[in-house]
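Here the structure comes first, spelled out in structure tokens, and everything after it is commentary.
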Amino acid sequence: MSDTTQDTAELGEKIVTILKTIYDPEIPVDIYELGLIYDVFVNEDNDVKILMTLTTPNCPVAETLPVEVEEKVKSLNAINNCEVEITFDPPWTQDLMSEEAKLELGML
């Protein structure tokens, strides 16, 4: 594994750790375990692009949550820039939640 691949993988883990500190205001589970994060891309310049969704298109944090994700990820020293893209394709469903999230919400 090259250094770049190693660094990117390590950075990916750090990004996930950050994402797990951000919670949906209506559900007491972090956005990563909720399945709101569809993809995280890191390029060789350490620019990050996060593809995420919200539980509903009219989610009360539609304006603030993506900004919070961008700011928290950008707070990592190694990150150059972060852009969050919101998508509703595919729409979020409870099936996207991790086992941990379902357990937390008493759904298992």
_Tally of Lys pairs whose C-alpha atoms are under 16 Å apart, taken over the range 2-108, 8 or more apart or cross-chain_ = 8
*Measure nothing but the geometry: give the 0 to 90° angle between the long axis through the Cα atoms of 3-19 and the longest principal axis through the Cα atoms of the chain, rounded to 10°.*
30
*asked:* Out of the total accessible area of the chain (probe 1.4 Å, heavy atoms of protein only), what percent is carbon and sulfur?
replied: 48
*Listed residue (17, 28, 76) projecting farthest to the positive dipole end of the chain, Cβ model*: 28
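Considering Cα pairs under 8 angstrom that are at least six residues apart, work out the relative contact order of the chain and quote it in whole percent.
27
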*Local electrostatic count at residue 82 - Lys and Arg +1, Asp and Glu -1, tallied over other residues with Cβ under 14 Å*: -4
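Could you work out the local net charge near residue 60, counting Lys and Arg as +1, Asp and Glu as -1, over the other residues with Cβ closer than 12 Å to its Cβ?
Taking every Cβ under 12 Å from that of residue 60, the sum is -3.
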*Give the calculated FRET efficiency between residue 80 and residue 58 to the nearest 0.05, with a Förster radius of 35 Å applied to their Cβ-Cβ distance.*
0.60
*Relative contact order (percent, whole number), the range 16-58, Cα cutoff 8 Å, 6+ residue spacing*: 26
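Let me know the charge dipole size of the range 29-108 about its Cα centre in debye, to the nearest 20, where only the beta-carbon of Lys, Arg (+1) and Asp, Glu (-1) is charged.
Roughly 140 debye, rounded to the nearest 20.
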_Coil-residue GluC sites (Glu not before Pro) of the range 4-108, DSSP, other Cβ within 10 Å capped at 14_ = 26, 44, 63
*Crossing angle, helix 64-74 versus the chain [Cα axis fit, 0-90 degrees, rounded to tens]*: 30
*Looking at the chain, what % of its DSSP beta bridges pair antiparallel, to the nearest 5?*
50
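The values are calculated or read from the model by the stated rules, or taken from the named source; none is laboratory data. Small disclaimer: the values here were computed from a predicted structure and weren't measured. Positions of Cβ are backbone-derived with ideal geometry, glycine not excepted, and every protein chain shown enters the neighbour counts. With ligands, DNA and RNA removed, areas are computed over all heavy atoms of the protein, side chains included. Shrake-Rupley method; radii C 1.70, N 1.55, O 1.52, S 1.80 Å.
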